[in-house]
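Read through the structure below, which is laid out as structure tokens, and then see the notes.
Please treat every number below as a calculation from the coordinates, not as lab data. Worth saying up front: this structure is predicted, and the values here are computed from it rather than measured. All Cβ positions, even for glycine, are placed from backbone atoms using ideal geometry, and neighbour counts span all protein chains on display.
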Amino acid sequence: MRRAAIRGIQIEAFENKKQLLQCIRPSIYISIGGEAILNNSPEMQAITEDYIPYADGEIAVLALKKAGFKNVTKIPGVELWIDFLEARKNLKVAAVGSTPEVIQLFAQKFAQSFPQHTLVYFQDGFSIREKLEELGEKIALHQPDVVLLALGQPRQEILARDLYLKHRGIYFCLGGSFDVFTGKVDRAPQIFISLKLEWLFRLLMQPWRLKRIWRLPFLAIQIKLGFEEIRRV
């Protein structure tokens, strides 16, 4: 296992998306970006230690390189689950998250995009707040091979851990990926991606993010200057 830890958050040093796709097995797949490192909640620290965290942000990549893993790249979680499903056949999939409107759009587009798979269960993220035990029963009943969770960090990771104890499967924690998949939110244009400025595009489109991410440039500087403790684990 090739990993680094920063502020208690572990990140596995996959060289690229293809390598990660080849390694996917029943577990929980956690995208790590700068916000996860900044927030470094105790729950996320424990979950990244026990499951599969990968670098889905330039700050996470920077931390891995600072730890000595030179051949690593960012792996976009918004692409990972799609590439995985496109390469497989006859899987049962469950999806939980986003708003009632978006999850309905998701179900429709999923059927069009992945006719080789079956969406056995889907539910918006608002309806499950008081029904977590019922959700666990639904997942255990339908026995999906893949569970897609789009609830935001760390809520989706905590839920994934609880569900995984009831049903072993492949869990992707996806944040706002349902919004992107359904076209409700635009992904950054390629020029922003090439310049490693996806965060800036999201900020321009959603200015309310500023209060969440204004500290990220300072974190990047601290990592570059060696002021952050980063260790191999």
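Shown for Y54, Y164: other C-beta atoms within 10 Å of each C-beta, ranked fewest to most, produce the order Y164, Y54. The Cα center of segment 107-164 and the Cα center of segment 31-87 differ in position by 21 Å.
Altogether, the Stokes-Einstein calculation at 20 °C and 1.002 mPa s, with the Kirkwood radius of segment 33-149 over Cα pairs as Rh, returns a diffusion coefficient of 131 µm²/s. In a simple Cβ point-charge model (Lys, Arg +1; Asp, Glu -1; nothing else charged), the chain has a dipole of about 660 debye relative to its Cα centre. So which lysines pass the test for K224, namely a Cα distance under 26 Å, with those fewer than 8 places away in the same chain ruled out? Of all the lysines, those that pass the test against K224 - Cα under 26 Å, at least 8 places apart if same chain - are K17, K65, K66, K70, K74, K196, K211. Only Cα pairs under 8 Å and 6+ residues apart enter the sum, and on that basis the relative contact order of segment 13-232 stands at 25 percent. Set against the 2.2 N^0.38 Å expectation for a compact globular protein, the chain has a Cα radius of gyration ratio of 0.99. Size check on segment 142-233: the Cα extents along the three principal axes, sorted descending, read 46, 38, 25 Å.
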